[in-house]
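To start, the structure itself, in structure tokens.
The values are calculated or read from the model by the stated rules, or taken from the named source; none is laboratory data. Bear in mind that the values here come from a model prediction, so they are computed numbers and not experimental data. A quick note on method: Cβ atoms are made from the backbone with ideal geometry, for glycine too, and the neighbour counts reach across all protein chains shown.
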Amino acid sequence: MDVGCGAGGLLAALADRGWRVHGLDLAPRAVEAAVAWWRTTRRADEVLDVLIRHAEATDLGIRAIRCLGEMGPVAARALPVLREGIASERRLGQTHTLDAAFVVACREAVARIET
């Protein structure tokens, strides 16, 4: 049992080795709540940490990254994470398509934050 498993990378690796695994993560609710809160209140300081923490090569992470881009310059604290995502050769995405979408989302968010 992995509590706080995120996208489940460790669980997948253990399952590949024959382990029976279970994971629990509240990340989808946290990201969706952060996005909704941002769109309602425009209070970046209250959602930045959640969005940055989940900015990874998953569908959920891409939603977080797109919200960071919507935030524009107030999300400048996310720039190092986004730039690292663009530069990294090894991403956490499960497919090449997901990795490509992740890089595009990072690039678009960086462009919007820097303007």
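Quick check on A64: is it within 14 Å of the chain's Cα centre (by Cα) and modelled with pLDDT of 95 or more?
Considered against the rule, which asks whether it is within 14 Å of the chain's Cα centre (by Cα) and modelled with pLDDT of 95 or more, A64 comes out as yes.
Report, by residue number, each residue of segment 43-85 that is closer than 17 Å to F102 by Cα, surrounded by 21 or more Cβ atoms within 10 Å (Cβ to Cβ) and of a type in the set (A, V, I, L, M, F, W, C).
The answer is L51, A55, A57, I62, A64, I65, C67, L68, A78, L82.
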